[in-house]
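Data first, discussion second: the structure below is written as structure tokens.
The values are calculated or read from the model by the stated rules, or taken from the named source; none is laboratory data. Note that the structure is a prediction, hence the values are computed from the model and not measured. Methodologically, a virtual Cβ is constructed for each residue, glycine included, from the backbone with ideal geometry; neighbour enumeration extends over all protein chains shown. Calculation scope for accessible area: heavy atoms of the full protein, side chains included, ligands and nucleic acids excluded. Shrake-Rupley method; radii C 1.70, N 1.55, O 1.52, S 1.80 Å.
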Amino acid sequence: MSFKPVILWTDALVYVLIAVIVIFAWQVRRHEHLLAPWRRVGHSASGMAALTILMFFIVIGLLDTIHLRPAIQNGNGGSEAAYGVEVLSLLDLLGTPLRTQVETTYSAPFATHLYARETVELPDGGQVREFPRLKFGGAHLQDPEAQLAGDIATRAAAGTGLALLLWFLIATSVIALVAHRRNERFLSTFSAIWRGITPVPWRAVFVTLALILLLGGAALALCSDYHILGTDKVGQDVFYQSLKSIRTGLLIGTLTTLMMLPFALLLGVAAGYFRGWVDDLIQYLYTTLSSIPGVLLIAATVLMMQVYMETHPELFDTIAARADLRLLFLCIILGVTSWTGLCRLLRGETLKLREMEYIQAATAFGVSHWRIISRHIIPNVMHIVLITTVMDFSGLVLAEAVLSYVGVGVDPSTISFGTMINAARLEMAREPMVWWALFAAFSFMFALVLSANLFADAVQNAFDPRMKTLAALARTWRRKKHREEPVTKSSSPSEDSLPS
Amino acid sequence: MLNYIIRRILYAIPILVGVNLITFTLFFVVNTPDDMARMQLGIKRVTPDAIAKWKQERGYDQPLMFNNAREGLEKITRTIFFEKSVAMFAFRFGRADDGRDIAYEIRTRMLPSLAIALPVFVLGLIVYIAFALTMVFFRATYVDFWGVVLCVALMSISSLFYIIGGQFLISKLWHLVPISGYSQGLDSAKFLVLPVIIGVISAAGANTRWYRTLFLEEMGKDYVRTARAKGLPESAVLFRHVLQNALIPILTGAVVVIPLLFLGSLIVESFFGIPGLGSYTIDAINSQDFAVVRVMVFLGSLLYIVGLILTDISYTLVDPRIRLE
């Protein structure tokens, strides 16, 4: 099948972001002092478990970022292929059954019949009110009442079985790799991981991975023949919508940071470094911006953007491009309204740093301002930037839902947690109640935000030793418990200190 | 002290001017009044006459900054900038799209907003401090650990779910209080209970964790060690010394939001159908009533700046070491 790749604006920015992260990681690997705090992140059990879940979300988000326009089959076999106007992502193609198997209206998870009675025409001309069979959900079953449970069980068992096999393969190869790096035998590494005494908390990672794979395996095995999370008002599969929402949430969380970083970094450092009128001006700027309540400023800006987009329809060629640009604008607006906090922090830190001896020495040697800022100041404020970035992420994902509810969030055609909740919030009042869309949005969002929060916690803990956060607490608590045990355990050698 | 306050108020003026300029740019320069008229009247079929009429009805039929058609001072006063933006300093807010006076609406809607926001604020402060103190008292034990886990979990739930879940559980399933609505006087209490509880719970995670950190930071200070060395029991150390000292950052941090309580909360009010300023703003956003949104942005910044000044004053009241010069 031929296709034409499409790079939307947000896609391009995601690629830029990946490039930035790769360069950053490469830099960190080369410098021991930069690597040390990341090792501490790697040694936090909750942080690594959260990272495992985040990676799963990120993979889905990335699959959903690669966009293309598939060719329309034209029978004459001409050399020139025509491309559809519909922009699809790799995730859409992988989940084609999810996307295309659209029922007529609500159906419950794993249902074989619609959720509401409908008038059905009988072949002999009469009419009955009944629950019609779904067109796709469980359509392969002859006798749904009798076969449904058994069919679901066998499919789920097959899915989880495959997932377990995959998990076993991953776990074995990781253990083998760790054993090789530590110059140990496979079994002793295995037992160390089993008892949870490796510096990198592999046990927590494996347990999390097993949970994800089991859930994912069962879901994958079932989702092509059932609507595992039901369907919404227009018959769309809720599971598919939840998967699509992940990209929107991740984008809002990451691209906003990408947008605000240049503002905050340049202005904050400039204000602290140059002081005088530059400082006054920048302080005035951020005091003014931050004195407008955030939601109101965002609402006003998005309203104005909506008007602009409505009155200039000629700027957007496809619906996808339009929705995408709106998402990008939302990120920009969120970025412009949220750089002030970080800017203030950076200004304070720079004020402190510029009085340090090494900066004064650099000034005395006649090093240029630009060089002092780029070589001495910016590297020394990066930990603040990093902590703020990871801390802000989950807040932004939550903010998207609220903004979309208020009506100033993403484009209504973009599937996001906010639009899902917005569409579903009146369904709780229906009789009988439709709960699955909210349940799906809740569980996916909760998993994403919770893991982001836990990871942010681990990062903050590693980079800012003053913070007494969850991980530190768990450590002291564990230490206390060990102290009560009669057998003192010798600390295992750090795998990092050994030559590889 | 008085000098300082006067100086602070004078300093607030350029900030308000800045806010005013930002809203002016947003609402009149990014999109011209013509654009807004076309948007309101429907994009497709709209005649120049209809646009002119729409603009004239709302007073947008003037030049933005300079009116060359007029003489003398009117060159400046007969402009959109002067009549729509500068007039806000005199609290002349004009009329909404439905013809009602915005200033009157704000006056009547302030009280319902306050009726929700004030109990949430006070109750929240008490609950969070109590919760945080409990965790600090049992620090490095199961209570503390699971308390923090609970906080992180609470932080990870969108406030929309608290509202939807609370409405469903308490109003629909248990039929304890009405789902939404509002009435005057004491009768309104039964409508306010649920929004207040949900307001408190939805901010519990982040605030409790923050207060816990403040308490723990205070615990590490020298005077705490001295107090323990004197032989004071842990509870006395915690409640008499740590609590009082940690209250300073907590209270002064809370003062800044007091004026903003008048604005109410956007989503809580709109979910529960409370006729406050929050739901007013939401309705304005949904019906694209730009005049109302503009006024709310201005009012919000004004109240925030008042809050900042109050914060500075409250510092001197609770901490005699701080003198404002």
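Counting trypsin sites (Lys or Arg not before Pro) as exposed when in a DSSP loop with at most 14 other beta carbons within 10 Å, what is the longest stretch of chain B free of them?
My reading of the result: B:101-220 is the longest stretch.
Under a crude label model (7 Å from the Cα following the beta-carbon direction), how far is A:E145 from A:E86 in nanometres?
Using points 7 Å along Cα→Cβ, the separation is 3.7 nm.
Mind checking which of B:F131, B:L317, B:S180 is farthest towards the positive end of region B:108-318's charge dipole, using Cβ charges of +1 (Lys, Arg) and -1 (Asp, Glu) about the Cα centre?
B:F131
Anything losing 20 Å² or more of accessible area from the isolated chain to the full protein assembly: pick those residues out of region B:147-179, probe 1.4 Å, ligands and DNA/RNA ignored.
B:V148, B:V152, B:A153, B:M155, B:S156, B:I157, B:S158, B:L160, B:F161, B:I164, B:F168, B:K172
Might you report the magnitude of the Cβ-based charge dipole of chain A about its Cα centre, with Lys and Arg at +1 and Asp and Glu at -1, to the nearest 20 debye? Don't jump to the answer; show the numbers that get you there.
Values: 40 positive and 38 negative charges, 492 e Å.
Once rounded to the nearest 20, the dipole reads 2360 debye.
Keeping every protein chain present and rolling a 1.4 Å probe, give me the accessible area per residue for the protein assembly as shown in Å².
Numbers: 40940 Å² over 825 residues.
Each residue of the protein assembly as shown exposes 50 Å² on average to a 1.4 Å probe.
Of the options B:I157, A:V434, B:I170, report the single residue whose Cα projects farthest towards the positive end of the charge dipole of the protein assembly as shown (beta-carbon charges: Lys, Arg +1; Asp, Glu -1).
Result: B:I157, furthest along the dipole toward the positive end.
Using a 10 Å Cβ count of at most 15 others and DSSP loop calls, identify the longest part of chain A lacking such GluC sites (Glu not before Pro). Could the numbers behind the result be given before it?
Values: sites that count: A:E80, A:E86, A:E355.
Within chain A, the longest run free of exposed GluC sites (Glu not before Pro) spans A:87-354.
I need the shape label for chain B. Rule: rounded when a/c is under 1.5, else prolate if a/b > b/c, else oblate, with a, b, c from the alpha carbon gyration tensor. Each step should come with its number before you reach the end.
Details: a/c = 2.97, a/b = 1.67, b/c = 1.78.
It comes out oblate by the Cα gyration axes.
Given a 1.4 Å probe and every protein chain left where it sits, what share in percent of the accessible area of region A:60-176 is carbon and sulfur? Don't jump to the answer; show the numbers that get you there.
Details: 4220 of 6700 Å².
Carbon plus sulfur share of accessible area: 63 percent.
Can you compute the modelled spin-label distance between B:E83 and A:A158, with each label point 7 Å from Cα toward Cβ, in nm?
7.3
Show me the chymotrypsin sites (Phe, Trp or Tyr not before Pro) within region B:158-222 that DSSP assigns to loop and that have at most 15 other Cβ atoms within 10 Å of their Cβ.
Numbers: sites: B:F161, B:Y162, B:F168, B:W174, B:Y182, B:F191, B:W210, B:Y211, B:F215; in loops: B:W174, B:Y182.
Answer in residue order: B:W174.
Please give the total accessible area that chains B and A bury against each other, computed with a 1.4 Å probe and expressed in Å² to the nearest 100.
Values: alone 18400 and 27400 Å², together 40940 Å².
So the total buried area for this chain pair works out to about 4900 Å².
Let me check I've understood the local charge: for A:S394, count other residues with C-beta under 14 angstrom from its C-beta, Lys and Arg +1, Asp and Glu -1. What total comes out? Write down the numbers at each step before the final one.
Numbers: positive: B:R209; negative: A:D392, A:E400, A:D457.
Value of the local net charge: -2.
Solvent-accessible area of A:S338, probe 1.4 Å, all protein chains present, reported in Å² to the nearest ten, please.
Approximately 40 Å² for this residue.
In whole Å, what are the extents of region A:238-470 along the principal axes defined by its C-alpha atoms, from largest to smallest?
75, 47, 30
Dipole of chain A (Lys/Arg Cβ +1, Asp/Glu Cβ -1, origin at the Cα centre): which of A:T105, A:V302, A:I193 lies farthest to the positive side?
Selected residue: A:I193.
Which value, in nm² and rounded to one decimal, describes the direction-averaged projected area of the C-alpha convex hull of region B:112-151?
Working: hull surface 11.3 nm².
About 2.8 nm², averaged over all directions.
Checking the a/c ratio against 1.5 first, then a/b against b/c, what shape does the Cα gyration tensor give for the protein assembly as shown?
Working: a/c = 1.44, a/b = 1.04, b/c = 1.38.
Verdict is rounded for the protein assembly as shown.
Per-residue HN-Hα couplings for region B:78-87, Karplus 6.51 cos²θ - 1.76 cosθ + 1.60 at θ = phi - 60°, whole Hz, x for Gly and Pro?
Using θ = phi - 60°, the values come out as 8, 9, 4, 4, 6, 6, 9, 9, 5, 4 Hz.
For A:T96 paired with B:R100, estimate the spin-label separation in nm (one decimal), with each label point 7 Å from Cα along the Cα-to-Cβ line.
5.5
Can you give the charge dipole size of region A:238-470 about its Cα centre, rounded to the nearest 20 debye, using +1 on the beta carbon of Lys and Arg and -1 on the beta carbon of Asp and Glu? Let's see the in-between values first.
Values: 15 positive and 16 negative charges, 95 e Å.
Dipole of region A:238-470, to the nearest 20 debye: 460 debye.
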